[in-house]
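> After the structure tokens below, expect a handful of questions from me.
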Amino acid sequence: MTIDKVAWILLADGEILSSRNHGRDVFYLPGGKREPGETDLETLAREVREELSVMIVPGTEAHLGTFEAAAHGQRPGTRVTMSCYTADYTGTLHPDSEIAEMAWLAYADRDRVSAVDKLVFDHLHEAGQLR
């Protein structure tokens, strides 16, 4: 089984925005699963609005890459494929009801994120974007 996800990459001062859901032990990049019929960008906008109470600015989205790894907290053999996008936003970042906390993480925090997020951290660190 493969879980199809879309994630938002928001970098500032060499750190990346991550969030932790209630009841979870690791941080994830903001985003989530696609609903039937949704495009990547529709999923991105909806999930970011639902999780962090901000709006993605249409037309600013850029595909960073697609990453695949074992899905955290799922049955063995379950994989996650995550399409990652950068984008500008409007509003004030604020965790919504499903989010317990949000944090700006650096590469040194790599052990605090899911397996697929670790791949994104590696990619950004190698590109000199994540300190």
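Please treat every number below as a calculation from the coordinates, not as lab data. All values reported here derive from a predicted model rather than from experimental measurement. FYI the Cβ positions are ideal-geometry reconstructions off the backbone, even for glycines, and counts take in every protein chain you see.
> Towards the positive end of the charge dipole of the chain, with charges on Cβ (+1 Lys, Arg; -1 Asp, Glu), say which of L105, P30, I3 has the farthest Cα.
Looking along the dipole axis, the top candidate is I3.
> Can I ask one more? Stretch A12-V26 to full length: gain in nm at 0.36 nm per residue minus the Cα-Cα span?
Going from the current span to full extension adds 3.0 nm.
> If you place +1 on the Cβ of every Lys and Arg and -1 on the Cβ of every Asp and Glu, how big does the dipole about the Cα centre of region 2-124 come out, in debye to the nearest 20?
So the magnitude is around 380 debye.
> Taking 0.36 nm per residue of sequence separation and subtracting the Cα-Cα distance, how much length would be gained by fully extending the chain between T66 and S53, in nm to one decimal?
2.2 nm
> With volume of the Cα convex hull per residue in Å³ in mind, check (i) 104; (ii) 89; (iii) 112 and report the label derived from this structure.
Read-out from the structure maps to (i).
> Could you work out how much longer the chain between T39 and M1 gets when fully extended? Use 0.36 nm per residue separation minus the Cα distance between them, nm to one decimal.
Extra length from T39 to M1 when fully extended: 11.7 nm.
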